[in-house]
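Participant: Could you have a look at this structure, given as structure tokens, before my questions?
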Amino acid sequence: MKILHVADSHIGYSAYHKVAENGLNQREVDVYNAFEQFIDYALKTKPDLIIHAGDLFDSVRPTNRAISFVLNQLLKLSEEEIPFIVISGNHETPKLRETGSVFRIFEHLNNIYPIYKGKLEEVEIENAIIHAIPHSFSNEDLRKNIGMVKLRESHLNILVLHAGIIGIKEFSYTRGDFNEQIISSGYLSPDFDYIALGHFHKPTKVTDNAYYAGSIEHFSFKEAGEEKGFYDIELGSSLKINFIPLKTRGMLDLGNIDCLNLSADEITNEIIRKFMESEIKDKIVRINLKRINRGKFKGLDWNRIKSASSHALHFEISYEFYEIEQELKGKSRIGSLVDEWKEYISKIPLDKDREEIEKLALKYLSEAIGGIK
Ligand SMILES: [Mn+2]
């Protein structure tokens, strides 16, 4: 059985100020392009099944444009009779049930199976049972949903989930996204023929039978330099899995410049040198300035930096001001922090242990302040 596993398309995402020729936000267009490449691949290769493991849309209320784009793409699959199973992820699931799901629109399309009601649903396609678990109302509900799965021995059993996985040494997931679901790796049973995961944006093998497809485009600088795409899978008595890259816009993190011992001019030169070193044309680019003070920051030659970065799609500087940390080290600042904390705690009703809590807090405060280098 031939399956395509894709996830985290985040259709409707837009960012930065660059506008495409058609007047739309360039990043929104980039994401449409990536998704369309995927659909074209599906139409050409005609898989028996497509699984989208959540976050098809970037938000609970996508724009009409984003909805009609997806509708048009899915209609192509529907007409070609390519089954498309999509579960809801944290991004498109409303916090309040009454809000209703955008996925309802797709419910009446032939061959399109939107799974979004917070409960496990089973879809049978050829000799496979797809146990599809949408974004659930809580982590506990998610665990209950997984517990309800009944493997069918006569069939291939595929689990679909949108969640972070913790508890695997080789794979560390850091929590972060809003409303996200997390489960421990113990729920990824080796008894499934395949587990199609969504949520983590980097394509990753988590266990022998569980994979994150990753996202179809770069959605934050954490993803800079990552390859984006989806899996083309041959599933039978064994699992053959092939990563198919998509053409996406480059995102470059040009790293840090330590500004402590550099003059404003030297920092400007260093930024421009980094631009020259890397091919930044049409890319999304970031540089981080470490240990810079306000004076030097103001003194950077912004005109030169602007013109040297003008052929990037987007350029941003992140920075940390050094003098704030230095102030913290000064005695007066420590004093005021402690005073601020004492005032804060005095307003909080504590029946007992006040002394103990105050002692601990002061210890941690002084450690934290002392630890800033
Ligand atoms: Mn997600």
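The values are calculated or read from the model by the stated rules, or taken from the named source; none is laboratory data. Being a predicted model, the structure only gives us computed values, none of them experimental. Backbone-built Cβ (ideal geometry, glycine too); neighbour counts: all protein chains shown. Each accessible area value is taken on the protein alone, full model and side chains, heavy atoms only, with ligands, DNA and RNA left out. Shrake-Rupley method; radii C 1.70, N 1.55, O 1.52, S 1.80 Å.
Participant: Could you go through region 124-135 and let me know if any residue there is without any contact (Cβ under 8 Å) to a residue 24 or more places away in the chain, over 30 Å from LYS44 (Cα atoms) and touching a strand residue (DSSP E or B) at 6+ places or on another chain (Cβ under 7 Å).
Facilitator: There is no residue in region 124-135 that is without any contact (Cβ under 8 Å) to a residue 24 or more places away in the chain, over 30 Å from LYS44 (Cα atoms) and touching a strand residue (DSSP E or B) at 6+ places or on another chain (Cβ under 7 Å).
Participant: Taking only region 34-51 into account, find how many residues are in contact (Cβ under 8 Å) with a residue 60 or more places away in the chain and not aromatic (Phe, Trp, Tyr).
Facilitator: Qualifying residue count, region 34-51: 7.
Participant: Now for a separate question. Consider only pairs whose beta carbons are under 7 Å apart and that are at least six residues apart or on different chains; among these, list those whose first residue lies in region 248-262 and is more than 23 Å from ALA15 (Cα to Cα) and whose second residue is modelled with pLDDT of 95 or more and of a type in the set (Asp, Glu).
Facilitator: Going by the 7 Å Cβ cut-off, the qualifying pairs are ILE257/GLU270; LEU262/GLU270.
Participant: While we're looking at this one, here's another question. For residues in region 155-192 being among the polar types (S, T, N, Q) and within 16 Å of the ligand (Cβ to nearest atom), which is farthest from HIS91 (Cα to Cα)?
Facilitator: Going through the qualifying residues, I end up with THR174.
Participant: Name the residues in region 1-50 that are of a type in the set (Val, Ile, Thr) and touching a Gly at 6+ places or on another chain (Cβ under 9 Å), would you?
Facilitator: Once the filter is applied, which keeps residues that are of a type in the set (Val, Ile, Thr) and touching a Gly at 6+ places or on another chain (Cβ under 9 Å), region 1-50 yields VAL6, VAL31.
Participant: Output the number of residues of region 230-260 satisfying the condition of being surrounded by fewer than 15 Cβ atoms within 10 Å (Cβ to Cβ), in a loop (DSSP other than H, G, I, E, B) and either modelled with pLDDT of 95 or more or outside the structural domain of SER310 (by TED's automatic domain parsing) (or both).
Facilitator: Looking only at that region, the number is 4.
Participant: Still on this structure, please answer the following. Return a yes/no flag: does region 32-41 have any residue that is modelled with pLDDT of 95 or more and more than 25 Å from THR63 (Cα to Cα).
Facilitator: Taking every residue of region 32-41 in turn, at least one turns out to be modelled with pLDDT of 95 or more and more than 25 Å from THR63 (Cα to Cα).
Participant: A follow-up question, please. Could you grab me the full set of residues in region 108-140 that are modelled with pLDDT under 95 and β-branched (Val, Ile, Thr)?
Facilitator: Residues satisfying the conditions do not exist here.
Participant: Inspect all residues belonging to region 109-120 and state whether any of them is open to solvent by 30 Å² or more (accessible area, probe 1.4 Å), within 16 Å of the ligand (Cβ to nearest atom) and under 27 Å from GLN73 (Cβ atoms).
Facilitator: Scanning region 109-120 turns up at least one residue that is open to solvent by 30 Å² or more (accessible area, probe 1.4 Å), within 16 Å of the ligand (Cβ to nearest atom) and under 27 Å from GLN73 (Cβ atoms).
Participant: In the list LEU56, LEU71, which residue meets the criterion of being over 20 Å from the mean Cα position of the chain (by Cα) and closer than 30 Å to ASN157 by Cα?
Facilitator: From the options LEU56, LEU71, the qualifying one is LEU71.
Participant: Still on this structure, please answer the following. Out of the residues in region 78-100 that are of a type outside the set (Lys, Arg), away from the ligand (no atom under 16 Å from the Cβ) and over 22 Å from PRO47 (Cβ atoms), which is modelled with the lowest pLDDT?
Facilitator: Result: GLU98.
Participant: Using the structure shown, decide if GLY176 is modelled with pLDDT under 95, within 20 Å of SER215 (Cβ to Cβ) and open to solvent by less than 80 Å² (accessible area, probe 1.4 Å).
Facilitator: For GLY176, the condition - modelled with pLDDT under 95, within 20 Å of SER215 (Cβ to Cβ) and open to solvent by less than 80 Å² (accessible area, probe 1.4 Å) - is met.
Participant: Let me ask something else. If you check ASN145 against the conditions, is it open to solvent by 30 Å² or more (accessible area, probe 1.4 Å), closer than 30 Å to GLN73 by Cβ and either of a type in the set (Phe, Trp, Tyr) or not in a strand (DSSP E or B) (or both)?
Facilitator: no
Participant: For region 216-225, which positions are buried (at least 16 other Cβ atoms within 10 Å of the Cβ) and free of Cβ contacts under 8 Å to residues at least 40 places away in the same chain?
Facilitator: Within region 216-225, just GLU223 meets the criteria.
Participant: Just to verify a result, which residue in region 1-26, among those that are charged (D, E, K, R) and under 21 Å from LEU74 (Cα atoms), is farthest from the ligand (Cβ to nearest atom)?
Facilitator: Result: LYS2.
Participant: If I filter region 49-68 for residues that are in the same structural domain as ALA196 (by TED's automatic domain parsing), surrounded by 23 or more Cβ atoms within 10 Å (Cβ to Cβ), among the aromatic types (Phe, Trp, Tyr) and away from the ligand (no atom under 16 Å from the Cβ), do I get at least one hit?
Facilitator: No, that holds for no residue.
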